[in-house]
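Single-structure report; data block below.
The values are calculated or read from the model by the stated rules, or taken from the named source; none is laboratory data. The structure displayed is predicted, hence computed values, not measured ones. Cβ: placed from backbone, ideal geometry, glycine included. Neighbour counts: every protein chain shown. For the accessible areas, the whole protein counts, side chains as well, though only heavy atoms, and no ligand, DNA or RNA atoms are used. Shrake-Rupley method; radii C 1.70, N 1.55, O 1.52, S 1.80 Å.
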Amino acid sequence: MKFLRILILLGIVFGLGYYTGQKPDVVKQGLRDLSGQVLENTIGFDRKTNLQRQMLAAKDGFLEGRAYLLDHHFKEASGEFERALHHLDQAVELDPQGPMAQKIKIVKQKIREAQERLAQGQSLPPHLLDDLRQELQSVMP
């Protein structure tokens, strides 16, 4: 039985080798196509993962800034909002023409407006922070 398995395996290997030798261009093109598809999927997966990482870091910065605001540490809150904006910028750079880029830009504008209000010494109403948090959550991939 073992001998029969080895004989069948050798026959399959010989057949594949013979086919490859007869049509090397067809086989090479098939391997190139397969390699291109694998590479394309890998790059797309990597880009999506980086986008998610940047969005999570932005959300973390926003939540930290919100916590500082609730403790009346305005300078630290502004710094955390700036960190969130930086991560949102990096997320937009990953896919500038993508569907999420426009949504992220809207959220960035609202966070900048909140930062400007803080810089002018105005307080931010709690509902504004909750709205920003929800918008940031809705943009998450």
Legend entry - Net charge contributed by nearby residues that have their C-beta within less than 12 Å of residue 73 (K/R +1, D/E -1): -2
Inset, instruction - Just subtract the alpha-carbon distance of residue 50 and residue 122 from 0.36 nm times their residue separation and send over the number in nm, one decimal. - result: 22.4 nm
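Using a 1.4 Å probe on the protein chains only, how many percent of the accessible area of the chain belongs to carbon and sulfur?
58 percent
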Legend entry - Sorted peptide list for 52-62, 20-30, criterion being average Cβ within 10 angstrom, highest first: 52-62, 20-30
Legend entry - Answer label for semi-axes √(5λ) of the Cα gyration tensor in Å (calculated), chosen among (i) 29, 17, 13; (ii) 57, 16, 10; (iii) 27, 16, 13: (ii)
Inset, instruction - Could you calculate the FRET efficiency of residue 131 with residue 75 from 1/(1 + (r/R0)^6), where r is the beta carbon distance between them and R0 is 35 Å, rounded to 0.05? - result: 0.90
Legend entry - Label-to-label distance, nm, for residues given as residue 4 and residue 140 (7 Å Cα→Cβ offset): 5.8 nm
Inset, instruction - Give the shape of the stretch 98-141 as rounded, prolate or oblate, defined through the alpha-carbon gyration tensor: a ≥ b ≥ c are the square roots of its eigenvalues, a/c under 1.5 means rounded, and otherwise the shape is prolate if a/b is larger than b/c and oblate if not. - result: oblate
Legend entry - Heavy-atom surface of the chain, accessible at 1.4 Å and reported per residue (Å²): 71 Å²
